[in-house]
Amino acid sequence: PPVIPMPSNVTVAAQDGSVEVSWESPSGSQEYSNDLVSYSNENFVGNSIVVTTGQGYLGTLFEMPYGVESAIAHSARVHTSGAGSTSLAGFAVIGGIPSPTPLYTQTINTIENSYSEEITLDWEFQSSFIIALLVTADIGLSIDETATPGLNSWSNLGGWEPWSDVAAEAGLADGEFGIQAIVTSQGGSTPVFNVYRDPGLDDSYFQLMFNG
């Protein structure tokens with residue numbers, strides 16, 4: 001079945017004899033056709049996130065249009081603070097929640113304080129997805145502190161969390177990570193919503209409002 005993104009910023013206000021509800025709909029207008037998708041401002045200036053003990057994934061959430069049939073990450077580049085060999089992984093995002101297990105992994109080579117060479121992927125997803133770098137003490141993922149809040153930056157250092165939350169708790173810099181990709185999406189539409197009300201006292205059924 002299609003993946004249904006949730007509306008965001010839902011607000012409810014009681015009026016005189018009514019209730020006013022508003023929300024922001026998932027985007028359905030933007031599609032990608034072999035387009036470069038990047039959420040940073042490219043201002044990395046040597047800032048990076050490393051893991052001092054062990055290793056973990058840091059990644060960028062690539063948001064696809066509502067109702068998308070498929071999305072393909074043709075290639076990617078990563079901006080890192082260290083040079084060496086590590087892994088790049090692709091994670092499906094279902095209902096806004098990243099999968100704990102990657103659908104794809106690939107060994108890559110990074111360049112110190114620069115973008116890597118273009119990495120051919122051709123990874124196919126059913127909806128939004130995360131491309132993540134396995135970071136270590138030697139290879140850190142660059143972060144653009146001018147692109148705040150880091151709405152598309154995610155961390156998996158024992159479980160997926162938005163990087164903004166991790167950064168706030170740990171006193172680290174917020175921003176967008178240095179991961180960009182060439183993406184094509186197929187399908188997508190502008191979402192519409194029905195509004196329901198409970199017509200009875202026993203909560204036995206719900207009924208669509210007239211002209212709702």
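The values are calculated or read from the model by the stated rules, or taken from the named source; none is laboratory data. Treat the numbers as computed from the prediction; the structure is a model and nothing was measured. Here the Cβ is made from the backbone with ideal geometry for all residues, glycine too, and neighbour counts use every protein chain on show. To get the accessible areas, we keep the full protein, side chains included, count just its heavy atoms, and leave off ligands, DNA and RNA. Shrake-Rupley method; radii C 1.70, N 1.55, O 1.52, S 1.80 Å.
Of all the residues that make up segment 134-173, how many are closer than 14 Å to N47 by Cβ and either open to solvent by less than 40 Å² (accessible area, probe 1.4 Å) or among the small types (G, A, S) (or both)? Result for segment 134-173: 12. D203 fulfils the conditions (1) at pLDDT 95 or above; (2) over 26 Å from F125 (Cβ atoms); (3) charged (D, E, K, R) except for a single criterion, (1).
The criterion of being out of contact with any strand residue (DSSP E or B) (no Cβ under 8 Å at 6 or more places or on another chain) and touching a residue at least 40 places away in the same chain (Cβ under 8 Å) holds for E63.
In the set (1) surrounded by 16 or more Cβ atoms within 10 Å (Cβ to Cβ); (2) without any contact (Cβ under 8 Å) to a residue 40 or more places away in the chain; (3) in a loop (DSSP other than H, G, I, E, B); (4) not charged (D, E, K, R), F44 fails one condition alone, (2). Of the residues making up segment 96-133, those that are in a strand (DSSP E or B) and either aromatic (F, W, Y) or open to solvent by less than 30 Å² (accessible area, probe 1.4 Å) (or both) number 14. All conditions but one from (1) at pLDDT below 90; (2) farther than 20 Å from P149 by Cα; (3) surrounded by fewer than 16 Cβ atoms within 10 Å (Cβ to Cβ); (4) among the charged types (D, E, K, R) apply to D35; the one that does not is (1).
Just wondering, is there one or more residues in segment 175-188 that are touching a strand residue (DSSP E or B) at 6+ places or on another chain (Cβ under 9 Å), of a type in the set (S, T, Y), at pLDDT below 95 and within 30 Å of S18 (Cα to Cα)? No, segment 175-188 contains no residue that is touching a strand residue (DSSP E or B) at 6+ places or on another chain (Cβ under 9 Å), of a type in the set (S, T, Y), at pLDDT below 95 and within 30 Å of S18 (Cα to Cα). The condition (being out of contact with any Gly (no Cβ under 7 Å at 6 or more places or on another chain) and touching a residue at least 40 places away in the same chain (Cβ under 8 Å)) is satisfied by just one residue among I108, I94: I94. The set of residues in segment 154-183 being touching a residue at least 60 places away in the same chain (Cβ under 8 Å) and closer than 16 Å to I97 by Cβ consists of W154, S155, N156, G158, W160, W163.
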